[in-house]
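The values are calculated or read from the model by the stated rules, or taken from the named source; none is laboratory data. This one's a predicted model, so the numbers in the text were calculated from it and none came from an experiment. Glycine gets a Cβ as well: all are built from the backbone with ideal geometry, and neighbour counts include every protein chain shown.
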Amino acid sequence: MTQVDVLLGLQWGDEGKGKIVDVLSPQYDLIARFQGGPNAGHTLEFDGKKFVLNTIPSGIFNEKTMNLIGNGVVIDPIILKRELDNLKAAGHDPVAKNKLVIARKAHLILPTHQLLDAANEQRMGKDKIGSTLKGIGPTYMDKTGRNGLRIGDTTLPDFKERYNKLVEKHKEILSHYEFEFDLTEKEAAFFEAIEFIKSIPHVDSEHYVNGYLKEGKKVLAEGAQGTLLDIDFGSYPFVTSSNTTTAGACTGLGIAPNKIGHVYGIFKAYCTRVGGGPFPTELDNEVGENLRQVGHEFGATTGRARRCGWIDLPALKYAIMLNGVTELIMMKADVLDGFDTIYACTHYEHNGETIDYMPYDIISVKPTPVLKEIAGWKTDVTKISKVEEIPANLADYIAFLEKELEVPVKYLSVGPDRTQTLVLD
Ligand code: GDP
Ligand code: IMO
Ligand code: MG
């Protein structure tokens, strides 16, 4: 019997999960998304081509790997169809190659869920979450409110009636907002996409994944978003609506906690956040702008500028604890190549105290980061391919992080391409 390895973000998302899942996928028989939805944008680059996946697991380009969209994911059929059409046009047709299955218990994002997301954000004005407007919050609300529609429902004879019933409820809610909408086009696209999605095998992800484990096959669960966006442990209310942590892999796939194997925690050599909410190490200045430009920190899904700042060790320690991280993966080291000096936040000053953990309230009382100065490496690392070529100051930075975080860094990423990845000893 094998176990499920998990790879997930330790910051506020966009750490580079898509790239690394693609790199690791040859080692796995199955890659499974377990939460989130098309709010995710996972970028992969290889052979001079770039792909952004929203719902489809990042193992899709590996010939021998199966891919599962798990029960914890929320699916927008229109976006999923578009993703599949794009892959087909690029010569990778997962449906024809039988490389994708979807959990029957995954919930559907309706066009009206998106409208509710937009109406809600509009009403909140300057206090808005800065959601991706993909309908994530309202869909998970209907899931926990026990009103939702699931992939398995699409094959039931009364699917349309169930759909209409839920849409009526949404329209009733929308009537309380000052929000104009026209559903005609979206609805037509929705039902066209639903018909298409029926041609993809539907499975019970709990039996499917456990079947893989029983046969001794290897499974990797691919997280979306990041730990600091977790609905329970993130910077609430500026979070997403799912459990982005390791526990989410259990509920989002149907596996028991003792079936979790390695937990790969992925982080950037600095830190970013997109959307609203607290960000203690944010650099709202030209240094942050420099990180944004060099790191191309613009959202893969929405194109929004990502907020940038230094690495935050209290936040990373918290994320490592919550997830049971066994190995770390450091991304985008190359973005810091040109810096004379970089900084790491080791503690916060908060309410007159120096602390090394994330306090409950970081919104009304913003923690002040205590920064440690670190010498930059001033070397182009994008072409290095051997551990021995890592500049001494970068090796020292990694050693410092390992000591602080008490977890080894196993992979180092020095560029967006598949090949720009080093395995550390
Ligand atoms: P994800 O959501 O965690 O999969 O990450 P995103 O794809 O949203 O954002 C990561 C961005 O950084 C993408 O544009 C990647 O192509 C890019 N990227 C990944 N790893 C590296 C790296 O090591 N260096 C650089 N410069 N870019 C990287
Ligand atoms: P990946 O998987 C970064 C953020 C949004 C917003 C908050 C809530 O690519 O790392 P939502 O649409 O979920 O209701 O938005 O969460 N957010 C992400 N930020 N990466 C993501 O995914 C994100 N998915 C959601 O910007 O602040
Ligand atoms: Mg992303």
task = Keeping to the stretch 357-374, report how many residues are surrounded by 14 or more Cβ atoms within 10 Å (Cβ to Cβ) and touching a Ser or Thr at 6+ places or on another chain (Cβ under 8 Å).
result = 6
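Every residue, every condition in (1) within 11 Å of ligand 3 (Cβ to nearest atom); (2) closer than 18 Å to residue 80 by Cβ; (3) within 13 Å of the chain's Cα centre (by Cα); (4) of a type in the set (A, V, I, L, M), yes or no:
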residue: 4; (1), (2), (3), (4): no, no, no, yes
residue: 10; (1), (2), (3), (4): no, no, yes, yes
residue: 14; (1), (2), (3), (4): yes, no, yes, no
residue: 19; (1), (2), (3), (4): yes, no, yes, no
residue: 24; (1), (2), (3), (4): no, no, no, yes
residue: 29; (1), (2), (3), (4): no, no, no, no
residue: 42; (1), (2), (3), (4): yes, yes, yes, no
residue: 48; (1), (2), (3), (4): no, no, no, no
message = Take the residues in the stretch 31-49 that are buried (at least 24 other Cβ atoms within 10 Å of the Cβ) and either modelled with pLDDT under 95 or over 23 Å from residue 304 (Cβ atoms) (or both); name whichever of them is nearest to ligand 1 (Cβ to nearest atom).
response = 31
query = Does the stretch 145-163 contain at least one residue that is among the small types (Gly, Ala, Ser) and in a loop (DSSP other than H, G, I, E, B)?
reply = yes
message = Any residue that is out of contact with any helix residue (DSSP H, G or I) (no Cβ under 7 Å at 6 or more places or on another chain), surrounded by fewer than 13 Cβ atoms within 10 Å (Cβ to Cβ) and small (Gly, Ala, Ser) - is there at least one of those in the stretch 147-162?
response = no
inquiry  = Go through the stretch 342-356 and report how many residues are in a strand (DSSP E or B), of a type outside the set (Ser, Thr, Tyr) and surrounded by 11 or more Cβ atoms within 10 Å (Cβ to Cβ).
reply    = 7
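Yes/no matrix, rows are residues, columns are (1) within 16 Å of ligand 1 (Cβ to nearest atom); (2) not hydrophobic (A, V, I, L, M, F, W, C):
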{"residue": "338", "(1), (2)": "yes, yes"}
{"residue": "341", "(1), (2)": "no, yes"}
{"residue": "345", "(1), (2)": "no, no"}
{"residue": "363", "(1), (2)": "no, no"}
{"residue": "376", "(1), (2)": "yes, yes"}
All positions within the stretch 175-189 that are surrounded by 10 or more Cβ atoms within 10 Å (Cβ to Cβ) and either among the hydroxyl-bearing types (Ser, Thr, Tyr) or assigned to a loop (DSSP other than H, G, I, E, B) (or both) = 177, 179, 181, 183
note = In the stretch 9-43, residues that are in contact with a Leu (Cβ under 7 Å, 6 or more places away or on another chain), outside any helix (DSSP H, G or I) and either acidic (Asp, Glu) or within 8 Å of ligand 2 (Cβ to nearest atom) (or both) total 3
query = Does the stretch 195-204 contain at least one residue that is farther than 14 Å from residue 81 by Cα, buried (at least 24 other Cβ atoms within 10 Å of the Cβ) and modelled with pLDDT of 95 or more?
reply = no
request  = Kindly provide the set of residues from the stretch 282-299 that are outside any helix (DSSP H, G or I), surrounded by 17 or more Cβ atoms within 10 Å (Cβ to Cβ) and more than 16 Å from ligand 2 (Cβ to nearest atom), ordered by number.
outcome  = 283
ask   = Only one of 239, 209 is within 16 Å of ligand 2 (Cβ to nearest atom) and under 21 Å from the mean Cα position of the chain (by Cα); which?
value = 239
query = Mind checking which pairs have a first residue in the stretch 301-327 that is of a type in the set (D, E, K, R) and a second that is outside any loop (DSSP other than H, G, I, E, B), Cβ under 6 Å, 6 or more apart or different chains?
reply = 306/272; 307/273; 307/282; 312/271; 312/345; 327/264; 327/410
query = Before we move on, is residue 333 surrounded by fewer than 18 Cβ atoms within 10 Å (Cβ to Cβ), within 16 Å of ligand 1 (Cβ to nearest atom), at pLDDT 95 or above and closer than 17 Å to residue 11 by Cβ?
reply = no
inquiry  = Test of understanding: among 74, 6, 52, 95, which residue is out of contact with any Lys or Arg (no Cβ under 6 Å at 6 or more places or on another chain), in a strand (DSSP E or B) and surrounded by fewer than 23 Cβ atoms within 10 Å (Cβ to Cβ)?
reply    = 52
